[in-house]
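Working notes for the structure below.
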Amino acid sequence: MLQRIISALVLAPVVLLIVWAGGWWVTGLIALAVVIGIRELVRMLRAGNLHPRPLVASAIGLAFIGAVVLQSRTSINLVAEVLALGVIGAFLAEIGRRDRTGSLDAWAVSVAGALYVGGLLMHFILLRELNQPALSAGPLDALKIAPGAGWIYATFAVTWAADSGAYFAGRAFGRHKLSPQLSPKKTWEGFAGGLLAAIGAGVGIIALLGLPVSPLVGVALGAIGAVGGTLGDLAESLLKRQAGVKDSGALIPGHGGLLDRIDSLLFTGPLVYYLLVVIL
């Protein structure tokens, strides 16, 4: 736990500052996360006797990032183009190989891995690009936080609150297993504690940042943080169980790999973005 706290205290301010800066800083951070995340995923899949192609998966994953960055400059749906060309390109990579042993699973897991990491992480760039609604006066008004940065901070807040609330509530009151085969330590009581913590964080962050939306939006953000975050964590647990590994890596002391730290955010980021697309 001490290692987890120290790592968070070191890394969190850096990430928050980059989100505040926006622009190419955020693009670079997300691109780096895609490269590291796919590298960790490839390691896990290989441990599970699958045959991902790291260059193919990384190329498609980074292409998703390029697509959302360049989307405003063209009327073509670049994300759809990346998906279509990625599927075709991954097939061509297998067709061109002399040894086609494992080509079917190599094609499938390479494309799926790029979608899982790059296709989900790209939504944080989309969140940062949101320019509405303009933040009203709040306690942090002097920091000149852009609307997009505010929505990413809100996503972080509800996701981290759900994770922390579930941990402490589960330790104190946990009795009924949520998913014993995938994550034996998760309980329904912990989930309830995480949900309450995330809703509180959602309502609180809206007031703190001066986001001019209804408190009901904060409740919805909290629900996404708890439900989406839990499902994201279980999704990565499924990957690790299938591969027979404990952690995705050892990049972050106390946390394991990058995917171990952002597995919940991979689900909450897209869910928050599409909620905002509907309500804004």
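Since every read-out is calculated from the coordinates, none of them should be taken as a lab result. Fair warning: this is a prediction, and the values are worked out from it, not measured in the lab. For neighbour counting, all protein chains shown are included, and Cβ atoms are generated from backbone atoms with ideal geometry for every residue, glycine included.
Overview of results
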quantity: Flag if ALA57 is surrounded by 17 or more Cβ atoms within 10 Å (Cβ to Cβ) and closer than 18 Å to LEU130 by Cα; calculated: no
quantity: Qualifying residue in region 99-119 (condition: surrounded by 16 or more Cβ atoms within 10 Å (Cβ to Cβ), assigned to a loop (DSSP other than H, G, I, E, B) and touching a helix residue (DSSP H, G or I) at 6+ places or on another chain (Cβ under 6 Å)); calculated: no
